[in-house]
Protein chains: 4
Amino acid sequence: MIKVGIVGGTGYTGVELLRLLAQHPKVELKAITSRKEAGMPVSEMFPNLRGRVNLKFADPSEAPLKHCDVVFFATPNGIAMQQTRELLDSGVRVIDLAADFRIKDVGVWEKWYGMEHACPDLIEEAVYGLPEMNREKVKTARLVANPGCYPTAAQLGFLPLIEAGVVDVEHLIADCKSGVSGAGRKAEVHALFAEASDNFKAYGVAGHRHLPEIKQGLSLMAGKQAGLTFVPHLTPLIRGIHATLYARLTKDVDLQALFEKRYESEHFVDVMPAGSHPETRSVRSANFCRIAVHRQQEGDMVVVLSVIDNLVKGASGQAVQNMNIMFRLDEAMGLEQIPLLP
Amino acid sequence: MIKVGIVGGTGYTGVELLRLLAQHPKVELKAITSRKEAGMPVSEMFPNLRGRVNLKFADPSEAPLKHCDVVFFATPNGIAMQQTRELLDSGVRVIDLAADFRIKDVGVWEKWYGMEHACPDLIEEAVYGLPEMNREKVKTARLVANPGCYPTAAQLGFLPLIEAGVVDVEHLIADCKSGVSGAGRKAEVHALFAEASDNFKAYGVAGHRHLPEIKQGLSLMAGKQAGLTFVPHLTPLIRGIHATLYARLTKDVDLQALFEKRYESEHFVDVMPAGSHPETRSVRSANFCRIAVHRQQEGDMVVVLSVIDNLVKGASGQAVQNMNIMFRLDEAMGLEQIPLLP
Amino acid sequence: MIKVGIVGGTGYTGVELLRLLAQHPKVELKAITSRKEAGMPVSEMFPNLRGRVNLKFADPSEAPLKHCDVVFFATPNGIAMQQTRELLDSGVRVIDLAADFRIKDVGVWEKWYGMEHACPDLIEEAVYGLPEMNREKVKTARLVANPGCYPTAAQLGFLPLIEAGVVDVEHLIADCKSGVSGAGRKAEVHALFAEASDNFKAYGVAGHRHLPEIKQGLSLMAGKQAGLTFVPHLTPLIRGIHATLYARLTKDVDLQALFEKRYESEHFVDVMPAGSHPETRSVRSANFCRIAVHRQQEGDMVVVLSVIDNLVKGASGQAVQNMNIMFRLDEAMGLEQIPLLP
Amino acid sequence: MIKVGIVGGTGYTGVELLRLLAQHPKVELKAITSRKEAGMPVSEMFPNLRGRVNLKFADPSEAPLKHCDVVFFATPNGIAMQQTRELLDSGVRVIDLAADFRIKDVGVWEKWYGMEHACPDLIEEAVYGLPEMNREKVKTARLVANPGCYPTAAQLGFLPLIEAGVVDVEHLIADCKSGVSGAGRKAEVHALFAEASDNFKAYGVAGHRHLPEIKQGLSLMAGKQAGLTFVPHLTPLIRGIHATLYARLTKDVDLQALFEKRYESEHFVDVMPAGSHPETRSVRSANFCRIAVHRQQEGDMVVVLSVIDNLVKGASGQAVQNMNIMFRLDEAMGLEQIPLLP
């Protein structure tokens, strides 16, 4: 059994990790920490876990994190970087669901995240945990930077096009829509039901933190600097991201075949039949990314539709997928739930 | 492996049965029928099942239902009663998710359902499949009448009070609220998003078909005719029923202890700590009923709060639970998913 | 023109007052205060008011409240009672949308609201502003206590029954459901979209602050102490309250005629035809209360369905209605908007 | 008073016309027709109109449409073209909220709408009723083709850029999101609450009927054939359209100033301050289009955000605006409601 610790378990990625790990046949949950809620039974905060998770939130200073095989950070940005080195030095592997190790250029990171990085030397070692791009590196990683939610949906959608070199990579557009759980379980006015329900808006058009992360990934695929316009929107869903991606074709190609071939051996990426419109609910609660690729009216613009559950493939599910890879388990172990529809 | 057939698989209880049965370790899905959609792959209608259910909808006349061990009817009222005898005669056990066999008094049934019953003699044989009341009878049943959604939530909430004889059974009130999936996957104006969203209303106050079903159950518990006012409401949830139950205390009693004792060995009924307010989402996608019992300001009115997922414990999950009991499997087999929150 | 000030304009009752008053032909908005947001244009916080309300939030100490004809308090409980005397002494009339002056028994008030009352002597003078009960007193009031949202829906529903003496007033039940805007525009986790959406729950079953307010009103109607069980629920609407009221008939009576007669001259109470189920959206954005009265299966339990928009008839609209009465305007002036459907 | 008739009043644009016209000071509602519901009081179907609209649905053959000054068609596509000539010949002016007269090229129209046009000769006469482009022509029009919802939001967003000649008009992108009321009040499975709630999807990517309408408008602005990729999405709102528009800058220009200048005299187009993110709810129930213009990270891509209420500025409100213009009334008469927030 893999001994698992979770740092920061009171948010949505935390409770989702618990839901997935409590059903994972090879995992033993050792500790879940929360400075603020130390002592409270986890199932008191999250009644869906009653009878299934009997842990209490532990104070971080007292939790047996160093005796775990792997520790997940489900914390705000800037926490994992404070504690990772000590864990790695104790032989504990680390999967950070926040952004501390996602951006390779520390200057870029510090600009977008507005703080000094505590351990720039670990950034290089960290493996960006998008298994469909980096599976081999994840296997041996000590430190995995779990991708952001928008970056997962956008990169998986663009990947076949850019790898195949069939689109203009300088003018890519990602028009993305996220459910409100993406804003986290923080008490903020803009995420109140009476604000976010029956309402739709863009945000962060001037520049969102996932912009440099996506650009970094697209540039790596392209082998040169990619140009991207990224507009995130808030939509009244609890869970789900829908990325609508636009790229100009530079070569004629069978798009459907290209996507199907690229992902034929990927368990969690489902290329839908030509003409499909994937729905966010078709992946609700599950670790899938479903993708459809279109050319409208035979024009030169490719439109890719890519959907994930932001809390699963966009966060906690992908983290468990990475753990499975790191510990040489079946990649889908504990992640076989069928999406909930309706 | 238990060979399973489903008649009428295009509604919400149908797709929910598929979700649960496809993950059940002892079930082999043999057939799912739909007259209208015969030939269509199930996963084309329900994309959440892509890669997990490879069946096509079969025409009822061609499906190998007689070679199944058990057949579920996820059909409108009035269908199962046409086909049950033939299946039973072929040695197939039947679980009807509709109402054909729920009411013992055929006259009452015919009045409320507005049709003649096709096989009144089978009504007596049918076992009302609320395991918490009728587990022993379910074990040997050939024909199980799976309870309605409101009746499940209401009966489980009233059961400890009535069995213990501590309330006035002549003036019970069940104020129940249901998500919109309870109306089924039928194209009807009142269930449109633009009608049902951001809206709340009662319906069927003059008399709803679940009224006689609940009264029958409460009367059986009481050993005499129970009196009930039942008001159903439509609330903008996809899934979930919340029953708020009112009864006047006739004896002083430790209500919390009464409920905990009654349900201590029930896997799927969770009596929450005193003072709790169960949320519908705490059982979303799972087969639990969570219950809390209150006395407001130490008055003589007991208030019971009872929540279920109408498609799981209120329909398909309870049907699988009944199947498990009938085939002497672990009662919770295939029903161990943790509720989805948020 | 009536010169109007608003204290505490950053919540939902504040913005709703602004929406209504900005369209009122006899009102001149003089000031709206917010300690925290002083200096910010109101329309920056509430973009629906762009081009229609050009005020900035003013610091309370600098706002010309004493030069107003009437001041509305759209503040948390406990604020109005600090400032009312000074305003009254300056000849300004006051309408408090919070609870400071609703409960006549100061001991009861202090118990439920957990603070000492700052001006108990003003409580007696204050008029409880439910026009359908107290219109004559409102006309001459200097200080109006605007009713709570649940109390408005519940009292208007019970009123004809209790006044006519046809029900058992010792065992009344009010099962009430509220949209999430009723929780206010405060950053609290339980009111987040990802918590409150697709979820239904009861709360405050042990005792909610509106319980003593409703009981006080019902007891006044009855001329003796009324007994009430009151269970509020949170439902995923932005706006709307649905009260489902239960009372036992003690006399046979034509309920429909009773209600129609009681409210025949009330502009804002709409008794719907027999058999109706009023929807919350049928009053969305408007000052109406729509009511239907039922007897299920000819039993002895009366069921009353009563719906309001909690921010209009349940708060700001009723406050404007009271203002109209106090200033001898047409009672419906500025309140003639047709409800928004869908 | 202008005598008004409505053909086809049982859909959402119909009830919205009634809401607006019943509050219009210069309108006398003469008739509203519905073949199917003839004889039913309008307020029975739409209880928000109780006490405000006392008409019954009339059979089309019996309604006094020819005695009206103007008739609105709130019908499915293909109806208005059957009846328009007769009305025009009787001196009645016509505003068609459907698509019968929007596309000037009858071949294009017939291809996209799948039927033969009944009166191609009237197409040329028809004025496309986007007042911000065609106000002068609307004034004298006998027949107005009221624009589609997506086309309104998209054209108003692109207009200043294209008129000023500062973007590449061959590669425009309109990523649009609509609330579910846009699908109409038809009983269809995909628009059920349990299908459309907590779900997000694109649709019609292969080609939506609003594509040729928008392209026609953009080409007129550009003076040459425009190229457009248009992807509509369904989002769980009742009302609202959010258009996110992408265009490549070909000249450096002060975008904010460009937009403010273009719309400075337009009552219903609100250019928000630089950096804004208009929300759909900021126009809910009102006839405004709010627009913000962005350049992300100083790149060469302009991003325009444009929101409307699809039932108001996207349908019935714009129709009333056109009526006001045609009858030389104040353009905003009857359209001054403040948007409903929250």
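Each reported figure results from applying straightforward, stated rules to the coordinates on display, with no laboratory input. Remember, predicted model here, so these are calculated numbers, not experimental data. As a convention, Cβ positions derive from the backbone with ideal geometry for all residues, glycine included, and neighbour counts pool all protein chains shown.
When only alpha carbons are used to place a centre, segment A:230-290 and segment C:63-84 end up 55 Å from one another.
Can you compute the FRET efficiency between B:GLU116 and B:ARG35 using 1/(1 + (r/R0)^6), with r the Cβ-Cβ distance and R0 = 22 Å? Round to the nearest 0.05. Intermediate values should be presented prior to the final figure.
Numbers: r = 22 Å, r/R0 = 0.99.
Once the sixth-power term is evaluated, E becomes 0.50.
For the protein assembly as shown, the share of DSSP beta bridges that are antiparallel, to the nearest 5, is 45%.
Work out the length of the dipole vector of chain C about its Cα centre, built from +1 on the beta-carbon of each Lys and Arg and -1 on the beta-carbon of each Asp and Glu, and round it to the nearest 20 debye. Before the final figure, lay out each step's value.
Numbers: 37 positive and 40 negative charges, 133 e Å.
It works out to roughly 640 debye.
Between the residues C:VAL303, C:ALA243, C:ALA191, the greatest Cα displacement towards the positive end of the dipole of chain C, with unit charges on the Cβ of Lys, Arg, Asp and Glu, is found for C:ALA191.
What is the average number of partner chain Cβ atoms found within 10 Å of a Cβ in B:281-288?
On the way: counts 11, 8, 3, 5, 6, 2, 0, 4.
Averaged over the peptide's residues, the number is 5.
Summarise the partner chain shielding of A:237-244 as one whole number: the mean count of Cβ atoms from other chains within 10 Å of each residue's Cβ. Mean number of neighbouring Cβ atoms from other chains: 6. Each distinct pair of alpha carbons in chain B adds a 1/r term; the inverse of their mean, the Kirkwood radius, is 20.3 Å. The residue among A:LEU220, A:MET272, A:PRO160 whose Cα reaches farthest toward the positive pole of the charge dipole of segment A:149-311, with charges on the beta-carbon of Lys, Arg, Asp and Glu, is A:LEU220. Here B:THR250 and B:ARG328 are evaluated by their C-beta separation; at R0 = 45 Å the FRET efficiency comes out at 0.65.
When the listed pairs B:LYS26/B:LYS139; D:LYS26/D:LYS66; A:LYS177/A:LYS313; D:LYS111/D:LYS215; A:LYS177/D:LYS215; A:LYS3/A:LYS139 are checked against a 21 Å cut-off, the alpha-carbon distance exceeds it for A:LYS177/D:LYS215. Separation of segment C:312-337 and segment B:153-174 by C-alpha centroid, Å? Here the answer is 45 Å between Cα centres. Springs join every pair of Cα atoms under 10 Å in this Gaussian network model of chain C, and among C:VAL189, C:VAL53, C:VAL303 the largest mean-square fluctuation is at C:VAL189. Distant-in-sequence amide contacts of A:ASP270, defined by a placed amide H-H separation under 5 Å and a gap of 5 or more residues or a different chain, comprise A:CYS289, A:ARG290, A:ILE291. Pair-distance distribution P(r) for the protein assembly as shown, from all Cα-Cα distances in 20 Å bins starting at 0: 10, 37, 39, 13, 0 percent. Residues of segment C:76-102 with an amide N closer than 14 Å to a point placed 7 Å from the Cα of C:LYS137 along the Cα-to-Cβ direction: C:101-102. Just checking the listed ones, B:MET115, B:MET323, B:MET81: in the Gaussian network model of chain B with Cα springs under 10 Å, the one fluctuating most is B:MET115. Describe numerically, in nm with one decimal, the distance between label points set 7 Å from Cα along Cα→Cβ at A:MET1 and at C:ASP59. The answer from the label model is 6.2 nm. Projecting the Cα atoms of C:ALA98, C:LEU65, C:ILE2 onto the charge dipole of segment C:2-125 (Cβ charges, centred on the Cα centre) puts C:ILE2 farthest toward the positive pole. The string of couplings for segment D:125-133 from the Karplus curve (6.51, -1.76, 1.60, θ = phi - 60°) is 5, 4, 9, 6, x, 9, x, 5, 9 Hz, one whole number per residue in order, with x for Gly and Pro. Charge dipole of segment D:2-125 (Cα centre as origin; +1 on each Lys and Arg Cβ, -1 on each Asp and Glu Cβ, all else neutral): 600 debye, rounded to the nearest 20. Beta bridges from DSSP with both residues in chain C: antiparallel share about 45 percent, rounded to the nearest 5. The alpha-carbon of D:LYS36 sits under 17 angstrom from the alpha-carbons of these aspartates and glutamates, leaving out residues fewer than 8 places away in its chain: B:GLU188, D:GLU44, D:ASP59, D:GLU62.
Quick one: among B:CYS119, B:CYS289, B:CYS176, which has the greatest mean-square fluctuation in a GNM of chain B with alpha-carbon springs under 10 angstrom? So, out of B:CYS119, B:CYS289, B:CYS176, the one fluctuating most is B:CYS119. Just to confirm my numbers, what's the Cα centroid distance between segment A:101-127 and segment A:1-48 in Å? What the calculation gives is 27 Å, centre to centre.
Where both residues lie in segment A:2-125, what percent of DSSP beta bridges are antiparallel, nearest 5? Write down the numbers at each step before the final one.
On the way: 1 of 16 bridges.
DSSP beta bridges in segment A:2-125 are roughly 5 percent antiparallel.
What average count of beta carbons from other chains do you get within 10 Å of the Cβ of residues in A:296-303? The partial results should precede the final answer.
On the way: counts 10, 10, 2, 4, 4, 7, 1, 8.
If you average over the peptide's residues, the count of other-chain Cβ atoms is 6.
Each label point was placed 7 Å from the Cα along the Cα-to-Cβ direction; for D:LYS186 and B:GLN23 their separation is 3.6 nm.
So, with +1 on the Cβ of K and R and -1 on the Cβ of D and E, and no other charges, what is the size of the charge dipole of the protein assembly as shown about its Cα centre, to the nearest 20 debye?
Numbers: 148 positive and 160 negative charges, 0 e Å.
Dipole size: approximately 0 debye.
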